[in-house]
Every structure is written in structure tokens, then in C-alpha cells.
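Some notes on the structure that comes next.
The values are calculated or read from the model by the stated rules, or taken from the named source; none is laboratory data. If you're wondering where the values come from, they're calculated on a predicted model, not measured in any experiment. Positions of Cβ are generated from backbone atoms using ideal geometry, with glycine treated the same way; all protein chains shown enter the neighbour counts.
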Amino acid sequence: MHRMALLVAILLAPLSAAAAEPPHRPVVVELFTSQGCSSCPPADAFLAELARDRTDVLPLGFHITYWNRLGWHDPFSLDAATARHRHYAALFGMGGVYTPQMVVDGKRDVVGSDRAAALSAIRAAAARVSTGPTLHLAREAGSITLDAGAGQGRATLWLIGYDREHSTAIGRGENSGHTLLEANIVRDIVDAGAWTGAPLHVSLPLPRGERVAAILQAEDGSVIGAATVVDQPTG
């Protein structure tokens, strides 16, 4: 009996260890796009595919504002999305911004419609994902609670509200006459506070959007934590 118990314990040990390991966070994929950009629909479709098929990826569509002056005002465009886009351009030492730009885990950018390059960047980012600070979101009545665990370094905790999907008939501009189906459209971007390595607990009003994500992002742009809560009430 003792030998049998020992054998069972040996066989179960790897399963117990695997269960004890924290789940890997998703790779964060940010697409900077606009409904006024004729080059963007293929990238939007690719982002929607990621949202539909990949549970290991957090795809987010950030609609920028600077295309609005060219004939079509994107109803999902945000000044905060444009600011985030320009911040990446500065981090990457680029001369300017462009659409559709896809930023993978805050460290690498590719043309959003270049599926091969994007999938390669996602695979590379997934291989680099290591156990970082835990990040947990919980919904309460009218608010969201965020908890970031202990770790090393400094980072900003971003709270992102987004909608699952929208279909928009485009009446003017480069995509005039087309109906665009877009997924994981960012509706709100909130700076939820600075993380300095100590556990951080924050409670904030629910952001605008059906769903909520949180991103813990280091000063060099690197994503070190990400988590989601789905099916938020719209506001």
C-alpha cells in the first residue's frame, strides 16, 4: 500500500505543480485605426479575428482622431487614443504616426494589416511572457476594483473600457459606402495610478464600455501585466 501511495503521489505531483502556477497573462495587441482610413479595414478584420479566436491575446482597437478632418468623423475616436499613439511613436523613435499600426505588448510595432508580421510578433511576445505581478479585476455595483501584486520596477496601471463589436455604415471619406464591422473598440482610457513594486489596490467608477481590461505598463512601454472583466453594463 505504501508503494502504491508513493506511486500515485509521484504521478500527481506534476499536475499539482501545474495547477499551482499562476495563469499566463494574455499578449496585449493594440491596433491604432480609423474609420476614415482606407487601409484600415483589413487590419480591423484581423483584430476581430484575434478577438474571436485567440484567448491568449487581448486585442484592443484604439480609434484615433487625426483622420476625422478628412471627410468622416469616426464616432469611436478618442483624444486619449491619439495621445497613446503618439506616445508610442516617441518611445519607438519614429518620425510620426501612421495607421493601421499594431503595437504588440508595448514593445514592437507592425503594420496592422500584415498578418504574418503580426502573428510573428505575437508568438515572440508570448515566448517572452514571464510571471510578473498578479493583476486582478473585480466588478462591484457601479465600480471596478483593481489589485496589482508585488514585484519589481515601476509601471502605470491603465483601465480600459471597450465594446465587443459594432457595425458602422460609412457615409463619407475614403471608406464611403462601406459598412465596417469592428471588434474590441476602446471607449475609455483611464490612468488608474502608479505602481512602484508594492501591492496596489484601486477602486474606480466603471469606465465607459461593455467590457473592461487593465494593463500594467512599464515606463519603457513593456506590458508586465494584463487582465480582463467582460460584459460590463454600458454607460
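Things worth noting here:
- Selection within the range 192-212 - within 20 Å of the chain's Cα centre (by Cα) and closer than 21 Å to Asp105 by Cα: Ala192, Gly193, Ala194, Trp195, Arg211, Val212
- Residue within the range 172-191 that is farther than 18 Å from Thr33 by Cβ, touching a residue at least 24 places away in the same chain (Cβ under 8 Å) and over 17 Å from the mean Cα position of the chain (by Cα) present: no
- For Ala194: the one exception among (1) surrounded by fewer than 18 Cβ atoms within 10 Å (Cβ to Cβ); (2) closer than 18 Å to Leu31 by Cα; (3) hydrophobic (A, V, I, L, M, F, W, C): (2)
- For the range 161-171, taking the residues that are touching a residue at least 24 places away in the same chain (Cβ under 8 Å) and assigned to a strand (DSSP E or B), the one that is surrounded by the most Cβ atoms within 10 Å (Cβ to Cβ) is identified as Tyr162.
- Ala198 hydrophobic (A, V, I, L, M, F, W, C), closer than 18 Å to Ala138 by Cβ, at pLDDT 95 or above and out of contact with any helix residue (DSSP H, G or I) (no Cβ under 9 Å at 6 or more places or on another chain): no
- Every pair of residues 6+ apart whose Cβ atoms lie under 8 Å, when the first sits in the range 144-157 and is more than 27 Å from Arg208 (Cβ to Cβ) while the second is crowded, with 18+ Cβ neighbours inside 10 Å and among the β-branched types (Val, Ile, Thr): Gly151/Ile224; Gly153/Ile224
- Meets criteria (hydroxyl-bearing (Ser, Thr, Tyr), out of contact with any helix residue (DSSP H, G or I) (no Cβ under 9 Å at 6 or more places or on another chain), exposed (fewer than 13 other Cβ atoms within 10 Å of the Cβ) and in contact (Cβ under 8 Å) with a residue 12 or more places away in the chain) for Ser203: yes
A quick yes/no check of all residues on (1) more than 22 Å from Arg108 (Cβ to Cβ); (2) in contact (Cβ under 8 Å) with a residue 40 or more places away in the chain; (3) in contact with a Gly (Cβ under 6 Å, 6 or more places away or on another chain); (4) surrounded by 19 or more Cβ atoms within 10 Å (Cβ to Cβ):
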| residue | (1), (2), (3), (4) |
| --- | --- |
| Ala43 | no, yes, yes, yes |
| Trp72 | yes, yes, yes, yes |
| Ala90 | no, no, no, no |
| Gly93 | no, no, no, no |
